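Chemist: Got a structure here, written out as structure tokens. Questions coming.
Any read-out appearing in this document is the output of simple, stated calculations on the displayed coordinates, not a laboratory observation. No experiment lies behind these values; they were computed from the predicted model shown. When we count neighbours, we look across all protein chains shown, and the Cβ atoms used for this are built from the backbone with ideal geometry, even at glycine.
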Amino acid sequence: MDTVSLADAKARLSELVARAEAGEDVCITRRGKPVVRLTRVDRPKQPIDFEAWRKLRESMPKQEESTEDFIRRMRDDARY
């Protein structure tokens, strides 16, 4: 954990917030004593709605040609 004085933290707040977002803890001191710790807030992950995903996938039209053939055709058609 990096330690920064309050005066330096005021001047470099944006940098310190970016470092905290990246996962690094930053300790801010006043007169040499730690008073605040900047740390990343863990955002809760949203659950995956598998039923909605399945419905979306089933609503999409089936492809007639394989992916391999599609990529080859796109590659070959782009040539002059």
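Chemist: Determine the dipole magnitude for the chain: charges of +1 sit on the beta-carbon of Lys and Arg, -1 on that of Asp and Glu, nothing else is charged, the reference point is the Cα centre, and the result goes in debye to the nearest 20.
Modeler: Around 600 debye, computed over the chain.
Chemist: Which is farthest toward the positive dipole end of the chain among VAL17, ALA7, PRO61, measuring Cα position about the Cα centre, with Cβ charges +1 (Lys, Arg) and -1 (Asp, Glu)?
Modeler: Of the options given, the answer is ALA7.
Chemist: Still on this model: Once label points are set 7 Å from the Cα along Cα→Cβ at both ARG37 and GLU21, what is their separation, rounded to one decimal in nm?
Modeler: Roughly 2.2 nm, to one decimal.
Chemist: Give the lysines whose C-alpha is closer than 30 Å to that of LYS45, dropping any in the same chain fewer than 8 places away, or say none.
Modeler: Correct list for LYS45: LYS55.
Chemist: Find how many whole Å separate the alpha carbon centroid of segment 54-80 from the alpha carbon centroid of segment 16-45.
Modeler: Between the Cα centre of segment 16-45 and that of segment 54-80, the gap is 48 Å.
Chemist: Can you tell me, using C-alpha contacts under 8 Å and at least 6 residues apart, the relative contact order of the chain as a whole percent?
Modeler: 21
Chemist: For a Förster distance of 35 Å, can you work out the FRET efficiency between the beta-carbons of ASP2 and ILE48, rounded to the nearest 0.05?
Modeler: Efficiency, rounded to the nearest 0.05: 0.45.
Chemist: Sorted by average packing, counted as other Cβ atoms within 10 angstrom per residue and highest first, what order do 22-32, 51-61 take?
Modeler: My ranking of the peptides, most packed first, is 22-32, 51-61.
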